[in-house]
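Visitor: Just passing along the structure, written as structure tokens.
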Amino acid sequence: MPTIANVFVATDPGNPEPGARHCWATLRAIVDSSRASEGQARSNLGSGARVRTWLGASLLALALLAMAAPAAHAQGSRKDDMVFGPAGHPVVGASIRVCQPTATGTPCSPLAAVYTDATLTTPAPNPFPTDGIGNYHFYAPADRYTIQISGPGLVGTTTYPDVILPRMFPQADQAATFQLSR
């Protein structure tokens, strides 16, 4: 069976363009190939076989789009935690400040960009409060941060330097290669 395409999907969340662009180019080549062989398919195949060929090519195109979709957006790491007061009870409404690793002072500055979603598309307020049971979470690019916590029921401001949000996906030099054939 002839090989239709070798598809390279980039997994670098920081620079998804090359992989997404290559997937689109590969899809375009598959569609052009299907159109070129359509005349031969009409002469050699019955109506049902043409439908199956078209359906197979459509499913292949959808599968390639699905593989490229995660690479089309930046990916963030999630930080989840809970704030407890001196008596060991959760603190409602404590103020959480997320700062860049080089931040200094109290309150710390400069602030880091935080988000409400893993694709890092919806900015979140910073600082922000803990919820009704002392929980907080945010998304941010994989990096090192300084977190400061203050508020009612807490003694002063607590600073946590070097809070690390790990990379959630493979490095830029790691990629997935798929070979498709029919």
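The values are calculated or read from the model by the stated rules, or taken from the named source; none is laboratory data. Bear in mind that the values here come from a model prediction, so they are computed numbers and not experimental data. Every residue, glycine among them, receives a Cβ derived from its backbone with ideal geometry; neighbour counts consider all protein chains shown.
Visitor: So which residues in segment 115-138 are more than 17 Å from MET82 (Cβ to Cβ) and either among the hydroxyl-bearing types (Ser, Thr, Tyr) or assigned to a loop (DSSP other than H, G, I, E, B) (or both), if there are any at all?
Guide: Of all residues in segment 115-138, those more than 17 Å from MET82 (Cβ to Cβ) come to 115-126.
Result: TYR115, THR116, ASP117, ALA118, THR119, LEU120, THR121, THR122, ALA124, PRO125, ASN126.
Visitor: Okay, moving on. Taking segment 91-114, which residues are in contact (Cβ under 8 Å) with a residue 24 or more places away in the chain, in a strand (DSSP E or B) and either farther than 16 Å from THR157 by Cα or among the acidic types (Asp, Glu) (or both)? Walk me through how you get there before you give the answer.
Guide: First pass over segment 91-114, keeping only residues in contact (Cβ under 8 Å) with a residue 24 or more places away in the chain: 91-101, 103, 106-108, 112-114.
Now restrict to residues that are in a strand (DSSP E or B): 95-101, 103.
Result: GLN100, PRO101.
Visitor: Hey, could you check segment 84-113 for residues that are among the β-branched types (Val, Ile, Thr) and under 27 Å from the mean Cα position of the chain (by Cα) and say which is nearest to ILE133 (Cα to Cα)?
Guide: From segment 84-113, those among the β-branched types (Val, Ile, Thr) are 91-92, 96, 98, 102, 104, 106; that's our starting set.
Going one step further and asking which of them are under 27 Å from the mean Cα position of the chain (by Cα), we end up with 96, 98, 102.
Numbers: ILE96: 14, VAL98: 20, THR102: 30 Å.
Taking the candidates together, the pick is ILE96.
Residue-by-condition table, conditions (1) surrounded by 12 or more Cβ atoms within 10 Å (Cβ to Cβ); (2) charged (D, E, K, R); (3) modelled with pLDDT under 95:
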{"site": "ALA113", "(1), (2), (3)": "yes, no, no"}
{"site": "ALA124", "(1), (2), (3)": "yes, no, no"}
{"site": "ILE133", "(1), (2), (3)": "no, no, no"}
{"site": "TYR139", "(1), (2), (3)": "yes, no, no"}
{"site": "TYR145", "(1), (2), (3)": "yes, no, no"}
{"site": "GLN148", "(1), (2), (3)": "yes, no, no"}
{"site": "VAL155", "(1), (2), (3)": "no, no, yes"}
{"site": "ALA172", "(1), (2), (3)": "yes, no, yes"}
